[in-house]
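Scroll down for the structure; my scribbles are underneath it.
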Amino acid sequence: MKSQSYEVFFKNSALKEFQSLPQKIQQKVLDAVQLLALNPYTDLLQIKRLKGADALYRVRIQDYRVIYYIENQQVKIVIIKVAHRKEVY
């Protein structure tokens, strides 16, 4: 049985936030996104569901957070925010 990988999309605002990050953090975000595409529920990334928003998840990358939701029917992940933790919560 071949597992299907998820397609990852950045909202325009999240893409701009991503591009403004330091280069080292950008690479770590890309690495995390690749893992998410293989398994959006992986334990390797310490994914947490956001309180008060049932469908939103976050991945921690040092002091930065990647906020996303999963559309299982379309097999895609939509990243809606990439920012420093003080700007996310």
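Over the chain, what is the relative contact order in percent, taking alpha-carbon pairs closer than 8 angstrom and at least six residues apart? Could the numbers behind the result be given before it?
Numbers: 130 pairs, mean separation 29.5, N = 89.
Relative contact order here is 33 percent.
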For this session: Using the Cα centre as the reference, give the magnitude of the dipole from point charges on the C-beta atoms of the chain (Lys, Arg: +1; Asp, Glu: -1; all else neutral), rounded to the nearest 20 debye.
Result: 240
Problem set entry | Cβ-based net charge around residue 61, under 12 Å, with every Lys or Arg adding one and every Asp or Glu removing one | +4
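R0 = 22 Å: FRET efficiency of residue 13 with residue 89, Cβ-based, nearest 0.05? Can you show the working numbers first?
Working: r = 17 Å, r/R0 = 0.76.
Approximately 0.85, to the nearest 0.05.
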For this session: Note the angle between two axes, namely the Cα long axis of helix 23-38 and the longest principal axis of the Cα atoms of the chain, as a number of degrees from 0 to 90, rounded to the nearest 10.
Result: 20
Exercise. Of the chymotrypsin sites (Phe, Trp or Tyr not before Pro) in region 10-82, which ones lie in a loop per DSSP and count no more than 15 other C-beta atoms within 10 Å?
Worked result: 41
Exercise. How large is Rg/Rh for the chain, to two decimals, with Cα atoms and a Kirkwood Rh?
Worked result: 0.94
Exercise. Okay, helix-only estimate at 222 nm for the chain: each DSSP H run of n ≥ 4 adds -39500 (n - 2.57), divide by all residues, round to 500 deg cm²/dmol; what do you get?
Worked result: -9000 deg cm²/dmol
Seminar exercise, completed: Amide H contacts under 5 Å for residue 50, restricted to residues at least 5 apart in sequence or on another chain and with H modeled in the peptide plane, are 56, 57, 58
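Since every read-out is calculated from the coordinates, none of them should be taken as a lab result. Note that the structure is a prediction, hence the values are computed from the model and not measured. Note that each Cβ is placed from the backbone with ideal geometry, even for glycine, and that neighbours are counted across all protein chains shown.
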